[in-house]
Amino acid sequence: AEKTVGFIGLGNMGTHMARNLLMKGHSLVVYDIQSASTVLLEKLGARVVPTPAEVASESTRVITMLPAGPHVRTCYAGSDGIMKGAQPNSIFIDSSTIDSDTSKEMANVAKMKGCTYLDSPVSGGVAAAKSGTLTFMVGGPEREFREIQPLLLKMGSKVVHCGPTGAGQAAKICNNMLLGICMIGTAETMNLGIKMGLDPHLLASIINSSSGRCWSSEMYNPVPGVVDKVPASRNYEGGFGTFLMCKDLGLAQTAASGSGSSIPMGGLAYQIYQMMCSKGFSGKDFSAVFQFLQEKETK
Ligand code: NAD
């Protein structure tokens, strides 16, 4: 029965994740609120059904990959949502990045139907979704985690149990907050060095073998031309949208308020990406913060 898997939300990430499941021998039942999103998967052999409820009534393992909390709520608990069709003992895996409170609520709703909901956000982006090398950060009961681990390994190279429901989202949000902060730090550092007359390649190579080393500098440098094949080297197209970084830092902000933690750098990073969004950078990769800092100086 587990050969058939349900997949809901076939956007930038979901399409590739679902494709990997098909390629690795699963039958797929899929749904997306936009019918155009299911065309490719249908061509590859997936069966398209008209509601999330039907996905759940035809598969006991369902993966969801949706934009944000409200979409997850509608998809699970809405009038033709997953819960309406849920079979007992089903396992629902939500890989969207959302607030852990919504995750906990959905887990309770699933429990009332005799099912399990696991929060399971991913890191790695579209390229990793394509190549099947995502990292899954999973929150929820251990037994169900073990059961679905082999399934997630068909879409990722690392599947980590982070703790009870919500712990996957917590890990994801912490990572992305640090990423957002480090990218701004890298961008302003590179900008300063360039203004002081340093060659950006030389500066990056020194940082990357010194204590300032970080992923944003080494693998994803925000200065055009320093690293090949990253968004900075193609006018900040593709990659991880500034609006998504903004969403994740907003989640970090909410989590900080809820847990009484101070995140001064995370808060400032949130404001900076938000300014970018209101100045036309929203669809650009978040490393465009380098360009944003330069534009502010010239105006
Ligand atoms: P996307 O907007 O490209 O795809 C979302 C899909 O969900 C769309 O096809 C949309 O039509 C569909 N959808 C929306 N509401 C729906 C509903 N109620 N029922 C069914 N389908 C619905 O987003 P994405 O880039 O694939 O990202 C999905 C999630 O993964 C987000 O939470 C994002 O933060 C996270 N994420 C994204 C990346 C990335 O690099 N893109 C990386 C890691 C995590």
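FYI, it's all coordinate maths here, none of it is from the lab. Since this is a predicted model, take the numbers as computed values, not measurements. With ideal geometry, Cβ positions are generated from the backbone for all residues, glycine too; neighbour counts draw on all protein chains shown.
Quick one: of the DSSP bridges fully inside the stretch 4-163, what percent are antiparallel, nearest 5?
That works out to approximately 10 percent antiparallel.
Within the chain, what percent of beta bridges assigned by DSSP are antiparallel, to the nearest 5?
So the antiparallel bridges in the chain amount to around 15 percent.
Only Cα pairs under 8 Å and at least 6 apart count here; give the relative contact order of the chain as a rounded whole percent.
12 percent.
At q = 0.22, 0.23 Å⁻¹, what is the base-10 log of I(q)/I(0) for the stretch 170-298 according to the Debye formula with one equal point scatterer per Cα and no solvent? Please give it to two decimals.
The Debye formula, applied to the Cα set alone, gives -1.30, -1.38.
Using amide H atoms built in the peptide plane, which far-off residues or other-chain residues are under 5 Å from residue 159 H to H?
Hits under the 5 Å cutoff: 136.
How big is the stretch 44-99 in terms of Cα radius of gyration and Dmax, in angstroms?
Computed over the Cα atoms of the stretch 44-99, radius of gyration and Dmax are 11.0, 33 Å.
Mind pulling the per residue volume of the convex hull built on the Cα atoms of the stretch 1-58? Å³ is fine.
So the per-residue hull volume is 65 Å³.
Stokes-Einstein at 25 °C, 0.890 mPa s, Kirkwood radius from Cα pairs: D for the stretch 4-163 in µm² s⁻¹?
It comes out at roughly 163 µm²/s.
Give me Rg over Rh for the stretch 99-232, both radii from the alpha carbons and Rh done the Kirkwood way, two decimal places.
Ratio of gyration radius to Kirkwood radius for the stretch 99-232: 1.13.
Using only the alpha carbon atoms of the chain, find the Kirkwood hydrodynamic radius as the inverse mean reciprocal pair distance, in angstroms to one decimal.
Over the chain, the inverse of the mean reciprocal pair distance is 20.1 Å.
Sequence gap at least 6, Cα distance under 8 Å: using those rules, report the relative contact order of the stretch 167-299 to the nearest whole percent.
30
Straight distance only, please: which lysines reach the Cα of residue 113 with their own Cα at less than 28 Å, same-chain residues fewer than 8 apart left out?
Correct list for residue 113: 3, 84, 104, 154, 172.
Identify the GluC sites (Glu not before Pro) of the stretch 138-228 meeting these criteria: DSSP loop state and at most 15 other C-beta atoms within 10 Å of the C-beta.
none
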